[in-house]
Amino acid sequence: PDGGGASLAVRHCLFAGNGADGFDADLSSPLGGGNLGGLFRIRVEDCDFVGNALAGGLIDIEYEATPAWRSQIVIRGCKARANGLHGLHLDLDSQAEVFVHRLATSGNLGDGMHVSSETHAGLATVSASAFQANGGAGLRATFGNFPLIASHCIFAGNLGGGFLSDFST
């Protein structure tokens, strides 16, 4: 609702063997964007994303045309392995605060964690996480608008490199 917010908490869940993304949250503002804006609070904790055809988990911001909206995204204690695309994909096309802690990715055909943003600048923090044996990069930022800060992480055996950031001009 305009001037309000929406919360999503996903805890202790298994997303396995799905024909597309295991978990997919698309965040959109009300029709017309509203006048006051609002806040999305997303918490994904202690979940496993295993063997899904596309990404294990996807959070996709769709409110880039309504800048009064923003998100607080926390992902903590999750595992993503053997997914057909990325273990975790965050498409952060507008204002967002992102904190990822204790994420373990391995054996995904794409990146362990992929962060993209075509429009808005921001910053995502990743800490105490492991990115191992993924087909792409362990951790990747694309389009250069949402850089990553990684602290106390492991990057090992990823075919596309450990920690990559593609910049746009």
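At a glance:
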quantity: Selection count, segment 101-113, where residues are more than 12 Å from Ala82 (Cα to Cα) and more than 10 Å from the chain's Cα centre (by Cα); calculated: 3
quantity: Number of positions in segment 16-48 that are farther than 19 Å from Thr105 by Cα, open to solvent by 50 Å² or more (accessible area, probe 1.4 Å) and not small (Gly, Ala, Ser); calculated: 5
quantity: In segment 120-150, residue surrounded by the most Cβ atoms within 10 Å (Cβ to Cβ) [restricted to those that are more than 13 Å from the chain's Cα centre (by Cα) and not in a loop (DSSP other than H, G, I, E, B)]; calculated: Phe131
quantity: Close pairs from segment 3-15: first more than 17 Å from Ala55 (Cβ to Cβ) and open to solvent by 60 Å² or more (accessible area, probe 1.4 Å), partner in a loop (DSSP other than H, G, I, E, B) and modelled with pLDDT of 95 or more, Cβ under 8 Å, at least 6 apart; calculated: Arg11/Asp46; Arg11/Cys47; His12/Asp46; His12/Cys47
quantity: Candidate set from segment 46-62 (those that are more than 14 Å from the chain's Cα centre (by Cα) and in a loop (DSSP other than H, G, I, E, B)); member that is farthest from Gly160 (Cα to Cα); calculated: Asp46
quantity: Flag for Ser116 being at pLDDT below 95 and under 15 Å from the mean Cα position of the chain (by Cα); calculated: yes
quantity: Cβ pairs under 9 Å, 6+ apart, first in segment 20-34 and over 8 Å from Leu58 (Cα atoms) and in contact (Cβ under 8 Å) with a residue 24 or more places away in the chain, second among the aromatic types (Phe, Trp, Tyr) and in a loop (DSSP other than H, G, I, E, B); calculated: Leu27/Tyr63; Ser28/Tyr63; Ser29/Tyr63; Gly33/Tyr63
quantity: Selection count, segment 2-45, where residues are under 25 Å from Leu85 (Cβ atoms) and not in a loop (DSSP other than H, G, I, E, B); calculated: 17
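The values are calculated or read from the model by the stated rules, or taken from the named source; none is laboratory data. No experiment lies behind these values; they were computed from the predicted model shown. No Cβ is skipped: glycine too gets one built from the backbone with ideal geometry, and neighbour counts run over all protein chains shown. Heavy atoms of the whole protein, side chains included, go into the accessibility calculation; ligands, DNA and RNA do not. Shrake-Rupley method; radii C 1.70, N 1.55, O 1.52, S 1.80 Å.
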